[in-house]
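Data block below; observations after.
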């Protein structure tokens, strides 16, 4: 065939003819005959396909189906090809070997008796008609029946390439507002039209919606909350409100993590979940707000008032799952999201010996070493959970090598006195076993000897060995069923009701808070950013920033630096609780890391998380956000949420 | 060396003989002849002569490429005013060269030729070329629809007088090669028109038909596109039913009457283009029909005036759980019933109002009814038996079109089983099966006055029927390919057809002749709609939308191809100001038809149908993965759309 361009796949080859001939018992088909046949069959097939296209068009479809071919055969007086009905698309397989290349369709043998004995298939649902308003006086209402005003692809394009929105000549198609009346006149009269990247004003309805939704999400009425979350997860056309929603969540997390308000944190995470589940939203633009919030909920040292009683583990599990979902959805080769998140969690698991080996030794190093040794067990738990959700490979690389050190920590805590610590250690141990068992099972060969495990994995060895053998015994069980009472959270994550003494304070005030706060303005005062906070800076009255200055000799492996914040005084003048530290390693390989540090009480000084969020080349700077929280004893103050009106 | 090279060698020898060194070298290089053959060039003189004479130019595969190249060069170097008209010659010449090559058994050359020049042809020809390219042997020409059409019909090319004389001069110069001359003589009809050569846009607007443009003479006949004088229905029963309205404003009835006078009395009288009312016999209106008409008029008086500033509301009916099975839809004129035809040969009728669908009483019970009673129409219906949806069984193939008659007592359907069926919406059974089409029937439409209907199908004909005849009254044949859609003119005197040969034709019901042939579409036409005033015809194909002026058959406006999939639904608002189009790309678009017609009227008729910018598009509404299968404006100008949801995947 001369036209090489069309030839492949559009005409039957001589070889195919021979194969077909063989399959029906004609062993030696001559070359000439095969060629003649191939050409003729190709021609006939193409004519049939052409005619079947007509049937496709008249059936108002854009996909050719088997019935179209049958109909085309029928008008040519050829008998239909019976028995080729297939609900799913058939994979067209390719095989080569013996100098032959073949395409074929896999044919499964079907057991007729099985079909006969099987219960009859369900009767398909009857066709029904449903009416809705596609347009009311030329404006498309944003109801679930209508597509979202801005498609997910468009949102994605916009987040990747904001210029595209400017270059679009007219948004007649996309926007939900008509090009008539006031807008048109305005457009006509304005000679210079300054285009904004995003519309920042919300309509009155949208403001109302925002208020209702946020109140319901953090309010006390579980029914309303479910409705609100349902709306967030399903409604199209929320993208205009996304910036506010995300800020609401991130501010809310900042405040409530300080106040150890577990319930509200859970509510906020459920909001994140709902937004992630919404098919019409593309969240990439807002990840810099969501990821810090979510990771705070995973690794924060303290998430509730009574760590020994409240089930903050469930929140950590839930948030870890969210994080994995975010990584899965938004990871691209440009943002390296999963890498950065993995690094963040791995950092928390950094055991002192490794830190020592990997990083240079400096005065700051000593501190950081000491600190990381004291990484609270709850944070370790979160980090382990966060890594575990990212897949077995991550577990193998990041958790398994540190299991000995983790075991030491667990051992230490279990033998210690603190009740909370013991519980935490128990949970951590259980979690580690659960996570590691399937991985270890893959890695090691069957004779599981406790001694080997002890030698390889330290304190946790024997328990791990038991877990592994259990997994081996029942491959489906998946290594569950530990003795420690960890409540793994199931999707409708409802926080346990707080004890009566507090419940009144929290629950009853929650809705009110939003209202009261709504009228209050919060000023973000960016305190002058110290250009490079030297490690030896004398501690200011409120907090000390101990930052590890990364020299050029620093190995890339220790990309993000550890930053400590000591809230050195228990009674802070303005309750300066939430601190955002942005640190950029000078000349380091990794991009600058934005770190949210939340310190609460003097006894605790810790880095819960370091979040890769911002890619700006900003130098080290400290931004302090005043958050209203009344510390001290007495009745529990209402959890206050930051007002977002300053953004409008 | 095969005998292919023998003529070449002969030529070489001839060149050497006359000592034409330069040409010889070029030829050698081009034919890439080895030195070996070149050395033993000693063909006897006699043989040389025989080779050269026997080598008729038409059977020489090399001359084709050469000739085509020459023609192309001539067109490229001609003046700009001729260039675009002349370039329309390229495609038919190309096609016929390809077919000739195949005919003369130069199959490989034909393939090469297609590959070399096929890409240069206009984009809208590519699909045809693909269909043509499967013809690779002369036996296959017979079986191929397209190749047969080309070889048995003449391709029409319109040239200005100057351009055609240029062409003649060129052909005179090409004495050596008769290929092009023969093709142009045998297969191309050159229509010479007075006036200046047309611009590129003008040429592009009318090309695209399978056989080129329409000839001038074909569109000469006068078409009575005006509306018929409406029968006087002033004997309306007093609008007692509109009590609510009377309550609203006591002076409204007066106003309405005045308006009514406007609608009926003035317009038809002053229409010079209207055919006489008795040009084709129309059925007498029955008493019930008059009541229905009266209702329609009262509704119409409540109509909202639409325009760019007041867009219609759209109510979308989604067919759930239908997948790909729902094919066609229709909504009856008073917007109370919805019919859907399915690929499993069923037809379902839904009521869109709270009024349930009722069947007629059985024959014995009907006997008991007093036929003189005033409410006999109500009494004859079953009281118990009521449904919101009824199914009609009878076809044995996909139902491609359903259509309600203007008085919503009958339903027509056409199907893949090559029949048209008439159903009663009172006893819910099939009344008549019209057989006549040989192959699947693609479309069927009622006359706006009832009684007549027209169908079209794969057999390349459209047929006009009357409900009381089992044979068609007229057969409109002339299309070169499937007739994919039909539409009755509002005055019932004409029928428009759209076809896969990419032409729209207008037929006179009285004489059965073709009175207009309208080209400009570059793809199959799937739907047609006449404007309310009867002068304009909108046609939709695969994404393209053209408004033709049927007074002269020229495209009045070519709307920008904003739809990305075939357009299967078109509807004019009842006041004729808005054209709505619905496509398989799940979009409904609203076009400013007033602006379109103003633009077309502003120009001298027949000239400058330039492609308009997006200014005609008013709004676009997307549905959620529901391709649009039907559009309908209610009498009050609410737009109803029907689509079937195809799942979220």
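The values are calculated or read from the model by the stated rules, or taken from the named source; none is laboratory data. This structure is a prediction, so every number in the text was calculated from the model and none was measured. Methodologically, a virtual Cβ is constructed for each residue, glycine included, from the backbone with ideal geometry; neighbour enumeration extends over all protein chains shown.
Of the residues that sit in segment B:480-498 and are surrounded by fewer than 24 Cβ atoms within 10 Å (Cβ to Cβ) and farther than 30 Å from residue B:575 by Cα, which one is farthest from the other protein chains (Cβ to nearest Cβ)?
My answer is B:480.
Of everything in segment B:88-108, what is within 14 Å of chain A (Cβ to nearest Cβ) and either buried (at least 21 other Cβ atoms within 10 Å of the Cβ) or under 24 Å from residue B:204 (Cα atoms) (or both)? Give them in sequence order.
Answer for segment B:88-108, where residues must be within 14 Å of chain A (Cβ to nearest Cβ) and either buried (at least 21 other Cβ atoms within 10 Å of the Cβ) or under 24 Å from residue B:204 (Cα atoms) (or both): B:98, B:101, B:102.
Counting residues that are more than 20 Å from residue B:77 (Cβ to Cβ), which helices (runs of 4 or more DSSP H) fully inside segment B:107-206 reach at least 3?
B:107-118, B:126-133, B:138-143, B:145-152, B:179-187, B:200-206
Looking at segment B:561-582 only, could you name the residues that are at the interface with chain A (Cβ under 10 Å from one of its Cβ atoms) and crowded, with 22+ Cβ neighbours inside 10 Å?
Hits for segment B:561-582 are B:566, B:568, B:569.
Can you tell me which of (1) more than 9 Å from chain B (Cβ to nearest Cβ); (2) at pLDDT 50 or above; (3) not in a loop (DSSP other than H, G, I, E, B) is the one residue A:132 doesn't meet?
It fails just one condition, (1).
Could you say which residue among B:340, B:349 is within 13 Å of chain A (Cβ to nearest Cβ), in contact (Cβ under 8 Å) with a residue 60 or more places away in the chain, surrounded by 13 or more Cβ atoms within 10 Å (Cβ to Cβ) and more than 27 Å from the chain's Cα centre (by Cα)?
B:349
Quick one: residue B:209 ticks every box in (1) more than 14 Å from chain A (Cβ to nearest Cβ); (2) over 22 Å from residue B:523 (Cβ atoms); (3) assigned to a loop (DSSP other than H, G, I, E, B) except a single one, so which number is it?
(2)
Go through segment B:535-558 residue by residue and tally those that are assigned to a strand (DSSP E or B), more than 14 Å from every other protein chain (Cβ to nearest Cβ) and free of Cβ contacts under 8 Å to residues at least 60 places away in the same chain.
The total comes to 10.
For segment B:357-381, how many residues meet the condition of being farther than 17 Å from residue B:337 by Cβ and part of a strand (DSSP E or B)?
Residues in segment B:357-381 being farther than 17 Å from residue B:337 by Cβ and part of a strand (DSSP E or B): 0 in total.
Restricting to segment B:109-122, count the residues that are without any contact (Cβ under 8 Å) to a residue 60 or more places away in the chain and away from chain A (no Cβ under 14 Å).
Number satisfying all stated conditions: 2.
Quick check on this structure: which one of B:146, B:132 is facing chain A (nearest Cβ under 10 Å) and under 25 Å from the mean Cα position of the chain (by Cα)?
B:146
All but one of (1) loosely packed, with under 13 Cβ neighbours inside 10 Å; (2) over 30 Å from residue B:320 (Cα atoms); (3) at pLDDT below 80 hold for residue A:116, so report the exception by its number.
Residue A:116 satisfies all of (1) loosely packed, with under 13 Cβ neighbours inside 10 Å; (2) over 30 Å from residue B:320 (Cα atoms); (3) at pLDDT below 80 except (3).
Just to be sure I understand, how many residues within segment A:272-289 are surrounded by fewer than 24 Cβ atoms within 10 Å (Cβ to Cβ) and assigned to a helix (DSSP H, G or I)?
Residues in segment A:272-289 being surrounded by fewer than 24 Cβ atoms within 10 Å (Cβ to Cβ) and assigned to a helix (DSSP H, G or I): 11 in total.
Output the residues belonging to segment B:504-521 that are within 14 Å of residue B:212 (Cα to Cα) and in a loop (DSSP other than H, G, I, E, B).
B:520, B:521, listed by residue number.
Going through segment B:427-454 one residue at a time, which ones are farther than 22 Å from residue B:512 by Cα and in contact (Cβ under 8 Å) with a residue 60 or more places away in the chain?
The answer is B:427, B:428.
Give the residue, chosen from B:649, B:622, that is modelled with pLDDT under 85 and within 12 Å of chain A (Cβ to nearest Cβ).
On the way: B:622 fails: modelled with pLDDT under 85.
Answer to the check: B:649.
In segment B:358-379, which residue that is in contact (Cβ under 8 Å) with a residue 40 or more places away in the chain and touching a strand residue (DSSP E or B) at 6+ places or on another chain (Cβ under 9 Å) is farthest from the other protein chains (Cβ to nearest Cβ)?
B:360
What is the one condition in (1) facing chain A (nearest Cβ under 10 Å); (2) crowded, with 17+ Cβ neighbours inside 10 Å that residue B:334 does not satisfy?
(1)
So residue A:303 clears everything in (1) out of contact with any strand residue (DSSP E or B) (no Cβ under 9 Å at 6 or more places or on another chain); (2) not in a loop (DSSP other than H, G, I, E, B) except one condition, right? Which one?
(2)
Can you tell me which of A:27, A:72, A:33, A:7 is at pLDDT 85 or above, more than 29 Å from residue B:541 (Cα to Cα) and more than 9 Å from every other protein chain (Cβ to nearest Cβ)?
Residue meeting the stated conditions: A:33.
Got a sec? Which strands (runs of 3 or more DSSP E) wholly within segment B:390-447 have at least 3 residues that are in contact with a helix residue (DSSP H, G or I) (Cβ under 8 Å, 6 or more places away or on another chain) and surrounded by fewer than 20 Cβ atoms within 10 Å (Cβ to Cβ)? It would help to see each step written out before you state the result.
Numbers: elements: B:399-404, B:410-415, B:419-424, B:430-435, B:441-446.
Correct list: empty, since no element meets the threshold.
Mind telling me which of the residues B:386, B:460 ends up being surrounded by 13 or more Cβ atoms within 10 Å (Cβ to Cβ), within 14 Å of chain A (Cβ to nearest Cβ) and at pLDDT below 95? Steps first, please.
On the way: B:386 fails: within 14 Å of chain A (Cβ to nearest Cβ).
Among B:386, B:460, only B:460 is surrounded by 13 or more Cβ atoms within 10 Å (Cβ to Cβ), within 14 Å of chain A (Cβ to nearest Cβ) and at pLDDT below 95.
Going by what's in this entry, would residue B:144 be described as closer than 29 Å to residue B:459 by Cα and modelled with pLDDT under 80?
yes
Consider residue A:316 carefully, then state whether it is modelled with pLDDT of 85 or more and closer than 25 Å to residue A:155 by Cα.
So residue A:316 fails the test.
Could you please let me know if residue B:612 is in a loop (DSSP other than H, G, I, E, B), at pLDDT below 90 and within 30 Å of residue B:160 (Cα to Cα)?
Details: in a loop (DSSP other than H, G, I, E, B): yes; at pLDDT below 90: yes; within 30 Å of residue B:160 (Cα to Cα): yes.
It is true that residue B:612 is in a loop (DSSP other than H, G, I, E, B), at pLDDT below 90 and within 30 Å of residue B:160 (Cα to Cα).
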